[in-house]
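The values are calculated or read from the model by the stated rules, or taken from the named source; none is laboratory data. It should be emphasised that the depicted structure is a prediction, and the values quoted were computed from it without experimental measurement. Please note: Cβ atoms are built from the backbone with ideal geometry, for glycine as well, and neighbour counts cover all protein chains shown. Protein only, heavy atoms only, side chains kept; ligands, DNA and RNA dropped before computing areas. Shrake-Rupley method; radii C 1.70, N 1.55, O 1.52, S 1.80 Å.
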2 protein chains.
Amino acid sequence: MVKKTGRPGYLQIADELREQIRSGSIAPGEPLPSTAQLAETFGASLSVVKMSVGLLRNEGLVVGQQGKGVFVREDAPPADDVRAELTELRTAVADLTRRLEQLEASASQRTAKS
Amino acid sequence: MVKKTGRPGYLQIADELREQIRSGSIAPGEPLPSTAQLAETFGASLSVVKMSVGLLRNEGLVVGQQGKGVFVREDAPPADDVRAELTELRTAVADLTRRLEQLEASASQRTAKS
DNA sequence: CAAGCCAACTAGGTTAACTATGTTGGCAAC
DNA sequence: GTTGCCAACATAGTTAACCTAGTTGGCTTG
């Protein structure tokens, strides 16, 4: 489910799917749930789900087959793996930075008020 | 300009921008044209331009600054011992995440109390 | 002159609607 | 039984609209 953490929904969903793939919860060769199903289970609109899947597709984690579904890639290319992990870490760091800045802002507000 | 080659427009535009960055036509630290300008010069809609820029952003080639523009990243050089740095970053991110979650939890407690 | 407001720009996120295209299963017609 | 059609569902791409939010520059007001 998409949480209201300020992190965009399409990134949250992409993270979740990435995690399910990495953990083997969705095995290589297996299809992801359909976009409609994902939209329902995540409580999001079709658009954001499509954006999320598009991200994974761009990262090479999954391949889409028109009319059939989106399947987890069988081969785990190490070079690409590094690349995917890099983008993952990069977004994670960006997320942490943002959250920290929010905390710092509210903290300074509290200080100034008192 | 977007051609009718079957390759999606948002990929064509991303390719073009990537090329301009790689060639130095848009130097590091410099901003890309605004999305509105890009849409006009490429003869595309705002939506596809935003998708293209989103791709580059995801790749880490550029960073967006709300209200100002999208800027080419200053640092391009990839490190050699990528793997080691990756594990180091992974543990650092995990640590930061844990600490931040603790902070956020106590912060929300304070909010609820007041 | 200085402060503050405001309009015009910027990126970013979300949603909805439409089109194109491929796959699959069932059903009717022959 | 086989063929062919067709409805339902799938991904994929595009566009438009609306909203949030940050930045900047100019103008007005005190």
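Of all residues in the range B:1-28, those being touching a Phe, Trp or Tyr at 6+ places or on another chain (Cβ under 9 Å) and within 14 Å of DNA strand D (Cβ to nearest atom) number 6.
Of the numbered criteria (1) away from DNA strand C (no atom under 12 Å from the Cβ); (2) touching a Gly at 6+ places or on another chain (Cβ under 7 Å), the one A:Pro31 fails is (1). Residue count for the range B:15-47 satisfying the condition of being within 15 Å of the chain's Cα centre (by Cα), of a type in the set (A, V, I, L, M, F, W, C) and at pLDDT 95 or above: 2.
Residue by residue, here is whether (1) in a helix (DSSP H, G or I); (2) of a type outside the set (D, E, K, R); (3) open to solvent by 30 Å² or more (accessible area, probe 1.4 Å) holds:
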site	(1), (2), (3)
B:Ile21	yes, yes, no
B:Gly24	no, yes, yes
B:Pro33	no, yes, yes
B:Ala39	yes, yes, no
B:Leu55	yes, yes, no
B:Gly64	no, yes, yes
B:Glu74	no, no, yes
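Tallying residues that are open to solvent by 80 Å² or more (accessible area, probe 1.4 Å) and more than 20 Å from A:Thr91 (Cβ to Cβ) within the range A:42-53 yields 1. Checked against the criterion of being more than 14 Å from every other protein chain (Cβ to nearest Cβ), among the polar types (S, T, N, Q) and within 13 Å of DNA strand D (Cβ to nearest atom), the range A:43-56 contains one or more residues that satisfy it.
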